[in-house]
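The values are calculated or read from the model by the stated rules, or taken from the named source; none is laboratory data. Just so it is clear, the model here is predicted, and its values are computed rather than measured. No Cβ is skipped: glycine too gets one built from the backbone with ideal geometry, and neighbour counts run over all protein chains shown. Only protein heavy atoms, including side chains, enter the accessible area calculation; ligands, DNA and RNA are left aside. Shrake-Rupley method; radii C 1.70, N 1.55, O 1.52, S 1.80 Å.
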Amino acid sequence: MTDTPLLRVVRGNPDDAELAALTAVVATAASASAPAPARRRTSWWGDRAAAVHAPAAVGDGAWRASTLPR
């Protein structure tokens, strides 16, 4: 383990409250910049949204329209 500080004040003389606020902001910014884990995509076969579709068309050519992607 090293003895190097994580933060160093270069100018000014912050009190304990200001230093605590600075530490909180830097820690939040460091954790927010971490990339979110990649979400695994559901396969087309297992996608339940494909089962939900508009009602069947009625009229001439309805049989042809029933197989078109929506």
Give me the extension gain from VAL58 to THR28: residue separation times 0.36 nm, minus the current Cα-Cα distance, reported in nm with one decimal. 5.1 nm
How much of the accessible area of the stretch 10-52, probe 1.4 Å, is carbon plus sulfur, in whole percent? 60 percent
Could you rank the peptides 18-27, 40-49 by their average count of other C-beta atoms within 10 Å per residue, with the highest value first? 18-27, 40-49
Apply the Karplus curve 6.51 cos²θ - 1.76 cosθ + 1.60, θ = phi - 60°, to the phi angles in the stretch 35-49 and return the couplings in whole Hz, x for Gly and Pro. x, 6, x, 5, 8, 6, 7, 6, 5, 4, 5, x, 6, 6, 5
